[in-house]
Amino acid sequence: MKILVAEDDARSAEFMRKGLTELGHSVETVDDGRDALTYCLYNPCDIVILDRMMPGMDGLSVLKSLRSAGRKVPVLFVTAMGDVDHRVEGLIAGGDDYLVKPFHFSELVARVTALARRPQSLEQVTHLTVHDLDLDLMSHSATRDGQHIQLQNKEFALLEVLMRNAGRIVTKTMLLEQVWDFNFDPQTTVVETHISRLRAKIDKPFDVPLIHTTRNSGYCLHAPR
Amino acid sequence: MRLGDLTSASGFRYSLLVAPLFVLLLVGTAGYLDRVTQASMVEQLEIEIRIQLTSLRETFVRQGPEALRAAVQASALSTSPAVQRVGLFDAAGANLAGNVDVVPDIEGWDCFPLSAGNGLPDREFYGTVTAFGPTTLVMARTMSGVEAVHEELHWALMIAGAVIILTRLILEVAVSRHVGRKLRTLAKTLEAVSQGDTDRRVPVGKGNDQIDKISRLINVHLDRLSALMATTRNTIVSIAHDLRSPLNRASLSVQEAMTSEGIAPAPQASLEVAYDNLTQLSATFDTMLRISRIQASADHAGFEKLSLTELAADIAETFRPVAEDAGQSLTFVQDDDDSAVIMGDRRMLQQMLVNLVANASRYGPPGTTISIKAWTGPDDVVLEVADNGPGIPADQRQNVLNPFHRLKGGGHDEGAGLGLALVEAICTRHGASLTLSDNAPGLRVTICFHPATAGGA
């Protein structure tokens with residue numbers, strides 16, 4: 001993927017560049033907001049990693065300009081300004097995701113991957129299927145290998161997020177945000193517990209496990225490789 | 001203006017105390033006026049009598065007792081007996097002339113009753129008994145005029161007194177109401193400010209009375225408060241950036257080192273510890289910033305109508321499995337008819353409730369029961385989280401709300417002791433009261449909100 005990293009802190013920018021390049025992406029870095037805008041307008045870009053506080057032009061303004069120019073490129077904010085108001089502001093302006101510094105690099109990777117493959121338009125999907133697991137979003141039911149599985153509300157929501165991101169790593173933070181709408185760390189094993197309950201229902205009774213844990217990163221639901 | 005407000009107004013109370021004094025003064029003045037008038041009128045009577053006595057004495061001296069007798073008789077006939085009486089008596093007390101029956105038993109000048117004749121009751125007369133040689137002369141004038149004036153003055157003073165007192169009362173009520181209104185406006189403005197409308201200022205009247213002076217002072221302070229809060233908010237943003245950047249760089253460096261090729265287990269382990277600590281530091285810093293931000297702003301901009309029952313049910317559903325895995329039980333009894341609606345910030349309240357439940361779970365041993373309750377009371381809406389774990393000793397209950405305070409024997413080092421500080425900040429922001437009490441055994445946390453229909457936004 002072609003990734004633009006707009007970050008005025010040289011250390012952070014270099015770290016991201018190195019890490020993402022190692023994963024096979026093509027990374028360009030800029031340290032000024034105006035350069036970021038110019039680059040996006042004239043160069044192909046799959047994803048933009050944007051710092052909010054930059055010299056020249058701040059991240060929010062860059063985003064607004066991009067969006068009003070009709071550019072729909074996915075934008076991931078990476079910033080020290082992490083309170084809810086700033087987050088909401090960034091998302092309302094057209095940002096696609098918001099990551100607060102400091103962050104785990106794996107978190108960044110997971111979100112970048114998720115954003116890049118997100119369909120540009122919101123398709124109305126009624127079914128999600130991975131291997132022999134089927135999730136019916138209309139009737140809120142789950143079936144695996146033909147057998148109906150009884151899921152509680154949160155378990156269903158959790159499974160839905162994992163399946164929508166099938167094949168990609170979903171971090172704990174992403175799950176807390178998307179399943180529980182928690183923008184904070186509850187300091188308890190909410191995610192782990194629910195994953196384990198989910199596993200007990202959809203993995204254990206069957207031969208092939210679908211939910212995998214990646215140490216220090218997160219979870220990934222995928223068919224056997 | 002309710003009677004209670006009226007009577008509690010300090011001005012009114014003061015004047016109620018002073019009123020008896022005032023009435024006393026009024027009565028005293030009236031009494032004095034009465035006395036003076038009476039004395040003056042009586043003096044007038046005396047003068048009139050003396051004039052006639054002088055003339056009679058002259059007659060007696062120049063022309064003898066027979067002339068005196070004739071003069072007395074003439075005087076008695078020439079003046080109405082209702083107005084003046086005169087009588088001459090010999091040494092034995094027999095009547096020689098005039099229209100007085102008997103010598104009154106008085107000394108000097110005095111009042112005495114004389115018959116009005118025709119069976120009418122006696123009337124008061126004022127006069128004197130004088131000796132003219134061997135004879136005795138009695139002359140007196142009626143007190144009826146004086147009495148009449150006394151009556152009228154009496155009534156006039158009473159009415160005047162009543163009017164004065166009434167006028168005073170009315171004026172005082174009016175002033176109290178006016179002052180009361182001003183003070184109420186003051187109170188309302190201050191309350192609005194404390195509820196989050198930090199741009200409100202107290203209206204200052206055109207007159208320069210004491211309340212206006214105080215209002216002006218209050219506005220100055222409110223300006224300072226707004227400026228202070230704005231500065232604090234800006235400082236928080238600056239701190240966020242300035243402190244997060246080095247934190248971020250440290251975190252990245254450690255991550256880089258941890259993932260470098262061929263790293264030996266020992267440095268790897270140390271790096272992991274360093275990394276965990278950096279993450280912990282970041283989380284602590286995050287929470288501190290959150291608390292500061294909540295405290296630096298008082299507005300209810302992000303507030304919406306929400307149901308505590310729904311919120312609690314949601315959190316209960318989320319945490320029940322977590323509690324069960326720890327061998328604990330979590331209950332939430334839902335009353336579908338009572339949605340316990342308040343005005344609040346959903347995210348803040350969510351985090352608050354999560355903190356409380358997580359605390360209960362973390363500090364309680366296996367077997368602990370945790371319960372969440374939400375209900376609408378007569379004048380507030382209550383959220384309660386209770387457990388039967390170790391609880392918090394009474395003397396520590398105030399301290400635990402301080403940032404970074406750790407319970408002795410808390411054991412676990414997740415979190416830096418900011419959880420309850422954040423809970424308190426969120427409660428204050430919502431204008432809700434927070435009470436920690438003994439659940440006998442365990443801890444009961446009770447939070448009382450304003451109902452959605454009153455106050456709030």
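The values are calculated or read from the model by the stated rules, or taken from the named source; none is laboratory data. Small disclaimer: the values here were computed from a predicted structure and weren't measured. Note that each Cβ is placed from the backbone with ideal geometry, even for glycine, and that neighbours are counted across all protein chains shown. The accessibility values were calculated without ligands, DNA or RNA, using every heavy atom of the protein model including side chains. Shrake-Rupley method; radii C 1.70, N 1.55, O 1.52, S 1.80 Å.
Sequence-distant contacts, meaning Cα pairs under 8 Å at least 6 residues apart, place the relative contact order of segment A:1-55 at 52 percent. The Cβ shell under 13 Å around A:H104 holds other residues with a net charge of -1, Lys and Arg each +1, Asp and Glu each -1. Were the residues from B:H154 through B:E324 laid out at 0.36 nm apart, the gain over their Cα-Cα distance would be 52.0 nm.
In chain B, what percent of the accessible surface is made up of carbon and sulfur (1.4 Å probe, ligands and nucleic acids excluded)? With neighbouring chains kept in place, the figure for chain B is 59 percent.
In deg cm²/dmol and to the nearest 500, what is the mean residue ellipticity at 222 nm of chain B if only DSSP H runs of at least 4 residues count, each as -39500 (n - 2.57), divided by the residue total? Mind showing how you got there, number by number?
On the way: 9 runs with 253 residues, N = 457.
So the helix-based figure for chain B works out to -20000 deg cm²/dmol.
Calculated accessible area for the protein assembly as shown comes out at 52 Å² per residue, all protein chains present (probe 1.4 Å; ligands, DNA, RNA ignored).
For a distance above 19 Å, tell me the whole-number percent of Cα pairs in segment B:324-405 that qualify. Taking all Cα-Cα pairs of segment B:324-405, the fraction more than 19 Å apart is 49 percent.
Given a Förster radius of 22 Å and the C-beta distance between B:D337 and B:E310 as r, what FRET efficiency does 1/(1 + (r/R0)^6) yield to the nearest 0.05? According to the calculation, E is roughly 0.95. Beta-bridge orientation, chain B: approximately 90 percent antiparallel, per DSSP, counting only bridges with both partners inside. Among the lysines of chain B, pairs that are 8 or more positions apart or on different chains and have alpha carbons within less than 25 Å of each other number 6. Computed over segment B:112-253, the P(r) curve from all C-alpha pair distances, binned at 10 Å from the origin, holds 9, 16, 13, 10, 10, 8, 8, 8, 7, 4, 3, 3, 2, 0, 0 percent per bin. Take the Cβ atoms of B:Q280 and A:R225, set R0 to 30 Å, and the FRET efficiency comes out at 0.25. Around the Cα centre of the protein assembly as shown, unit charges on the Cβ atoms of Lys, Arg, Asp and Glu (plus for the first two, minus for the last two) sum to a dipole of about 1120 debye.
In this rough spin-label picture, where each label sits 7 Å from Cα along the Cβ direction, the B:D242-A:Y39 distance is 2.9 nm. FRET efficiency for the pair B:L33 and B:D101, taken as 1/(1 + (r/R0)^6) with r the Cβ-Cβ distance and R0 = 22 Å, rounds to 0.05. Under a no-solvent Debye model with one identical scatterer per Cα of segment B:58-109, what's log10 I(q)/I(0) at q = 0.13, 0.15 Å⁻¹? Debye curve over Cα of segment B:58-109, log10 I(q)/I(0) at q = 0.13, 0.15 Å⁻¹: -0.33, -0.43. Considering the options A:T214, A:T173, A:Q150, tell which one lies farthest towards the positive end of the dipole of segment A:127-221, charges being +1 on Lys and Arg and -1 on Asp and Glu at the Cβ, about the Cα centre. About the Cα centre, the residue reaching furthest to the positive side is A:T214.
Using only side-chain charges placed at the Cβ, +1 for Lys and Arg and -1 for Asp and Glu, the dipole size of chain A relative to its Cα centre rounds to 400 debye.
Model label points for B:D110 and B:A440, set 7 angstrom from Cα along the Cα-to-Cβ axis, are 8.5 nm apart.
Considering all different alpha carbon pairs of chain A, the Kirkwood hydrodynamic radius works out to 18.7 Å.
Two decimals is fine: what's Rg over Rh for segment A:30-157, C-alpha atoms, Kirkwood radius as Rh? Checking Rg against Rh, the ratio lands at 1.10. Counting 0.36 nm for each residue step from B:R216 to B:V204 and taking away their Cα separation leaves a gain of 3.7 nm. Placing dummy labels 7 Å off each Cα toward the beta-carbon, the span from A:F206 to A:Q147 is 1.0 nm. If the segment from B:A131 to B:A269 were pulled out straight at 0.36 nm per residue, it would be longer than the present Cα-Cα gap by 35.8 nm. With N the number of residues in chain B, Rg(Cα) / (2.2 N^0.38 Å) evaluates to 2.12.
The C-alpha atoms of segment A:127-221 occupy a region whose extents along the principal axes are 37, 27, 20 Å, arranged from largest to smallest.
For the protein assembly as shown, the normalised intensity computed at q = 0.07, 0.09, 0.10 Å⁻¹ comes to -0.65, -0.94, -1.08 (log10 of I(q)/I(0), Debye sum over alpha carbons, equal scatterers, no solvent). Per the Debye calculation on segment A:85-152 with a single equal scatterer at every Cα and no solvent contribution, log₁₀ I(q)/I(0) for q = 0.14 Å⁻¹ amounts to -0.71.
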